[in-house]
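Encoded as structure tokens, the structure appears first; notes follow it.
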Amino acid sequence: MREQHPFGQTLLLSGFLMLLLTILIPWWGSYSWLQQQVALVERQLVQTSNLEPETTTLAGTNKVEIASEQSLANHKSAWWFGQLGATQQYTQGDTLLFYRLNTQVASQQWLRVSLPLAAASLLIFWALYHLFRKAYRAEHSQLQSIILDPSAGKVNDLTPTAGAIVNLHQDYDQQLNAIKQLLHAAQQQSFQDSLTLLGNRFAFRRDLALRLNDDNQLASATLMIVRAISLQDINIQHGFQAGDQYLLDIVAIVRKIMQPELDAHGYRISGTDIAVLFQGPCEPLANRLGARLKQELCHYQHIHELSSAGYIGFTQLLPGQKAEQVLTRADLALAQAQSEEPNSWSMLLKQDEVDSMGESQWRQRLQSMLDDNQVLLQVQPAQIYKAEMQGYNEIYTRFPNTSGGIYPASTVFAMLQRLNMSMLFEQKIIEMILQQIQQSSLTGQRWAINLTPASLQQNSFLIWLERILLRDRDITSKLVFELDEQVLQHQLDASKRLLDVIRSAGARYAVSRFGHGYGSFRLLKEVKPDYVKLEGQLVRQLDQDHTSQQFVRMIVDLAQRLGCHVIAEGVETMQQKQLLESMHIDGVQGYLIAKPIDFAHFQALS
């Protein structure tokens, strides 16, 4: 890019005009003098008689050539004086005379004045040009140094342009600092759980890896996991708002326990699990904190009339261990605690120290449920808006205990997976549902069955499921199998095999808890479900969060374009329902519509 000098064009134009004036003004003086000579000549010609054609000098004039004919002696006319430098015509009576002024004097006079003035003008403008050029280079150098380093110039010596650059630098620094603060806040939010304000699972994985990769091989740390075991039951029985409050209460209890401990950090690593990383050996920490935490949980359980407020598992961390090993031990410690009395805690320092007695008791209880059909079925219907759609009813399972209460479903399914009994219970539940549907007098209804992740891990279950679905096509056509979106995303290949079995047998399938992020759209294209069940968290935030509204609109539009029906779970307020209706959703489900009731007493929504 060419360097543009200040004053360059202006100075050039000014110099040109001044040079032109130094030529034109003296020329005009000489030209005026010649005009006076012409007037003088003509006055004298009037006063003089018998003029002979010759070169003569009239009084008060320069030499004048006079002739009676136009052609005078060869002479180059002074064209710069125009007509005054050419032959002039004069008539005196019947005599026609021609004369020509001597322009040499006028030309000399013009040049004597014009040339010095022109030279002086050129010198002046040459000096000005060098002066401006020097000033420009100095200012240019100052601006370059200020651009590179705003603190290089003195405040009092700054030109307006330099001051503007310094101000721009300051504004840029302020904006950059603001952006850095926003990025830092966004980074903190990306590692923070939105509900509890604890670290999320990404922050937990990061900090766990840092502790396990500590260069100090003698350093030890403790992992504590508190499982809010009643969350799912509270969500179903009292709604998601009550479930969120329950989870916040458990987090407040955990914060109270961990507050006196140095270097303790809390995380929400799943829907029900709160993890805390402590610095220090596991055994003294577990003995000290476990009893206090159990006492707090028992008090909370008593106040809120829960079957259990939560369970606690402890395990140790040592540098060099793998994260999977640590998490497996923590999970086993939780399973051991869940096999004991409510709100119990358990510590597992090594994986081979699992309490076999607890597992044996659980196995006996679960086998008793299986043999005696001790599984309760409840139904929660959805309100459907399209007349051509059949009714949609989701079936839940409940597991009664020996004291007349209900085991937390999450505890039962965790122990079933731990004891490799998941497939047996899946089969028992599906058979009971099919039997209930066969006995039901309701027509035009579809029945949704939730499948656990364990069903995806066993090929024998797929074979069994295909055989039982092909047994009665009429009942199979009324079934909808629900799979959690996150389960599908993490086990997509196995999920596709299961979905192929379901579709080929004539049943349908749904993706539940849909809408965890924009990856949901890719999953929607991959599995092409018949139904999409919106995540309850999306629905709860819908009337207050415009971003969630736009996201739900995108889901509804895309799903319906793909031929999927969209049903919203967890609808608890009329505002949520009306907003979802305005989005042309296919159906809504939640406590506002109907609470879960026993299958035997269920009547379809009118």
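Spacing of the modelled spin labels on Asn459 and Asp149, each 7 Å from Cα toward Cβ, amounts to 7.3 nm. Round to the nearest 10 and give me the degree value, 0 to 90, for the angle of helix 492-505's Cα axis relative to the longest principal axis of the chain. Result, in degrees: 60. Radius of gyration (Cα atoms) of segment 475-573, expressed as a multiple of 2.2 N^0.38 Å: 1.07. Along the chain, counting only GluC sites (Glu not before Pro) with a DSSP assignment other than H, G, I, E or B and at most 10 other Cβ atoms inside a 10 Å radius, the longest segment between sites is 70-304.
Restricting segment 274-354 to trypsin sites (Lys or Arg not before Pro) that sit in a DSSP loop and have at most 10 other Cβ atoms within 10 Å of their own Cβ leaves Lys322, Lys350. An ellipsoid equivalent to the chain, defined through the eigenvalues of its Cα gyration tensor, has semi-axes of 104, 35, 19 Å when rounded to whole angstrom and sorted largest first. In the chain, the DSSP beta bridges split such that about 60 percent are antiparallel, to the nearest 5.
Ranking Met258, Gly570, Phe514 by Cα position along the charge dipole of the chain, where only Lys, Arg, Asp and Glu carry charges on their C-beta atoms, puts Phe514 farthest toward the positive end. Amide H contacts under 5 Å for Leu195: none, restricted to partners 5 or more places along the chain or on a different chain, H placed in the peptide plane at 1.01 Å from N. Counting only alpha carbon atoms, the long axis of helix 546-561 and the longest principal axis of the chain meet at about 70°. Once both labels are positioned 7 Å from their Cα atoms along Cα-to-Cβ, the gap between Asp214 and Arg288 label points is 1.5 nm. Averaging the sequence gap over all C-alpha pairs within less than 8 Å and six or more residues apart, then dividing by the number of residues, gives segment 475-538 a relative contact order of 37 percent.
Assuming R0 = 45 Å, can you tell me the calculated FRET efficiency for the pair Asn167 and Leu17, based on Cβ-Cβ distance, to the nearest 0.05? My answer for the efficiency is 0.75.
For a distance above 18 Å, tell me the whole-number percent of Cα pairs in segment 205-351 that qualify. Tail of the P(r) past 18 Å holds 53 percent of the pairs. Summed over qualifying helices (DSSP H, 4 residues or more, each -39500 (n - 2.57)) and divided by its residue number, the chain shows a 222 nm mean residue ellipticity of -17500 deg cm²/dmol.
A simple spin-label model places pseudo-atoms 7 Å from Cα toward Cβ; at Asn373 and Arg133 they are separated by 10.8 nm. With everything on Cα atoms, drop me the angle between helix 201-212 and the longest principal axis of the chain, reported from 0 to 90° to the nearest 10. With rounding to tens, the tilt is 80 degrees.
Computed from the coordinates by the stated procedures, all read-outs in this text should not be read as laboratory data. The structure displayed is predicted, hence computed values, not measured ones. Virtual Cβ from ideal backbone geometry, glycine too; neighbours counted across all protein chains shown.
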